[in-house]
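All remarks here apply to the structure that follows.
Taken together, the values in this text are just the output of simple stated rules run on the coordinates, not laboratory data. Just so it is clear, the model here is predicted, and its values are computed rather than measured.
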Amino acid sequence: MSKLKPRCRLYLQVAAPFTARQSEQLSQALSELSPACVLICGSGEPLDPAVLDGLIDKIQGAGAACLIESSITAAEDLGADGVHIAADEEIYAEARKTLGESANIGVACGLGRHEAMALAESGADYVAFAAPDADDFDALSDTVAWWSEIFVVPCVAWDIADVREAVALTERGVDFIAPPSSIWDGDDPLAVLREIDAAIGSIRREA
């Protein structure tokens, strides 16, 4: 019998500060959908530690990893599980030195294959691939397929809000689907997330 890969899971992005409505929706998503990770993104405003403490506790209490976008210092000070950074070897080395070997450190690679390989070799916990614009989806899909066939380090498809694209990427081997943080601004983000999660969760892939 063929061995199957673990099911593709959601990786949520949230932009702080969060409204009360969005906070409740996140709680529901954490409870219903069991995302693997939640990334707290900056909105250009200083992050309020008091607000973030509660948000991080909520995420970690639900069993998801909580990462901070870009700020190694904030990740360390707030007790997050790690950080999501640009694909830069010096920044990665600083993050690993500061946060330790047990931290989850992911890198944003765009469509850069060389950068992804270099950072994975250095010890990154995942690589995130993203299409610069809608016309580049095929390139994103090809990059995901290439990575999944060769490497064991997990890959994330970044800023995917369309269920058909999520399914196509899952079929090509992506490990995580990360809808954009803007999804929470929609009329019914939970409905969109439920649809994506159900669709990607139904797909079984050979390891």
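Before moving on, here are some points about what is shown:
- Close amide H partners of Asn104, meaning residues 5 or more places away or on another chain with modelled amide H under 5 Å apart, are Gly82, Val83.
- Backbone amide hydrogens, once placed in the peptide plane, bring Gly110 within less than 5 Å of Ala130, excluding anything fewer than 5 places away on its chain.
- Residue with peak Gaussian network fluctuation, the chain [Cα springs, cutoff 10 Å], from Gly100, Gly42, Gly54: Gly54
- Taking 0.36 nm per residue of separation and subtracting the Cα-Cα distance, full extension of the segment from Glu94 to Thr19 would add 23.7 nm.
- Set of aspartates and glutamates with alpha-carbon distance to Lys3 below 12 Å, sequence-local pairs under 8 removed: Glu206
- Based on alpha-carbon atoms, the Kirkwood radius and the radius of gyration of the chain give Rg/Rh equal to 0.95.
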